[in-house]
Amino acid sequence: MPIRDSSPIDEQGRFKPELSYTCTFNATEMKSPPITMYLTTYFILARHEGSRLVIPGSIPVITSRGRRVFTFNAKGKPLWEELEIPLPAHPGREQLEWSGWWPATTESGQPWPETQLSCRFRVTKIEQEVTAAKKTKPDMDEFAESKAALDAIPADAPITVLLEFTSFGLPEGVKVLAIARIAAKRTHAEEMKALMLSDDADTAGQILRLVEHLPKPSPELLRAVAAAGSDIADRIRRVNATPKKADPDYLGSADVSTRFTAWIMAVAKLRAKDGGDFVPELRTILELSRVRKDSAAMQQDVCRVASHFLFDWTGVAPLPTDPKPR
């Protein structure tokens, strides 16, 4: 990407903690809501190459349908227009090798300008990564480099900065240290609550997925997770009140799906550890999710899952009209 004031890395290669970034990879179709996947970006390994900033990343691709669209956001707002990736529904042998930089040219055939976002990619099978990990020794250089970057983060840095060090692919020891630093922050429950309720669904999802990895949660954090459930219910109310023609792509439902998927994973773990109830919030979410029968995301991602967990936790059976478990 081109270097800008909104770049996460300054000219000296230092991370800017005052900015919050999310990268998403959407599989979209005209008749269905997008499936959002989250790109794990390794800002600590970012490097400058001439006038551009190169940031490594990885993402689990979980669907074969739709267009593959990549977006890069700062503080919840896109920095560039979306970038469609030419990744086929069923990648072949040629996709196992690195692609060239994409796009290579504009629609008029001119070289792609360096002022715009570009990328290159390859496909790696997950079972290959697991096998390789079992055969190789831990890379102590990578651990030392990542730990040094973590140690350089100021003690009063916001949680969004430390969150980068809990990403998939980083050494497990660094993740443990980063989570310990988050849990040790006196204001961690307050900060996490604000992020759970933020308008950036990706950040809210990341924070909620972090909850299960924290030591025994404080009452303040349990209340924050409950508040996130109430916030999801409020967002469903807004979706229900929005005419279909005002949101033909079901973006409101996709936002709810992202938040609810992370929330239900968090509360399931908390309940298993005797931390919190969350049944009132789940019951409200389920009742509201039954309204928009036209939304696949609301029915399959929210209503179906919520009815399953409410039955599991309380014995209240799903309605005959609820989507059946898969």
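Every number here is computed from the coordinates shown, using simple stated rules; none is lab data. Small disclaimer: the values here were computed from a predicted structure and weren't measured. Cβ placement follows ideal geometry from the backbone for every residue including glycine, while neighbour counts extend to all protein chains displayed.
Listing Ser167, Ser118, Ser230 from fewest to most neighbouring C-beta atoms within 10 Å gives Ser230, Ser118, Ser167. Checking the Cα-Cα distances for Lys193/Lys293; Lys147/Lys216; Lys273/Lys324; Lys245/Lys293; Lys193/Lys216; Lys147/Lys273 against a 22 Å cut-off, the pairs over it are Lys193/Lys293; Lys147/Lys216; Lys273/Lys324; Lys147/Lys273.
Among Val302, Val61, the ranking by other beta carbons within 10 Å of each residue's beta carbon, starting with the fewest, stands as Val61, Val302. Peptide packing for 198-210, 261-273 was compared via the average number of neighbouring C-beta atoms within 10 Å per residue; ordered from the highest value, the list is 198-210, 261-273.
Neighbour counts of other Cβ atoms within 10 Å put Arg283, Arg186, Arg237, Arg259 in the fewest-to-most order Arg186, Arg237, Arg283, Arg259. A full extension of the chain between Thr187 and Lys244 corresponds to an added length of 16.5 nm, given 0.36 nm per residue minus the alpha carbon distance.
Based on the alpha-carbon gyration tensor of region 265-314 and its eigenvalue square roots a ≥ b ≥ c, which shape applies: rounded if a/c is under 1.5, prolate if not and a/b is larger than b/c, or oblate? Prolate shape, in that a/c is at least 1.5 and a/b is the bigger ratio.
Taking 0.36 nm per residue of separation and subtracting the Cα-Cα distance, what length does fully extending Ser218 through Ser99 add? Kindly include the intermediate steps, with their values, before the conclusion.
Working: separation 119, 0.36 × 119 = 42.84 nm, distance 4.70 nm.
The Ser218-Ser99 span can extend by a further 38.1 nm.
Over all other residues within a Cβ to Cβ distance under 10 Å of Met192, the charged ones net out to -1, with Lys and Arg as +1 and Asp and Glu as -1.
If you sort the three axes of the alpha carbon gyration tensor as a ≥ b ≥ c, you get a/c of 1.5 or more for region 134-274 and a/b above b/c, which makes it prolate.
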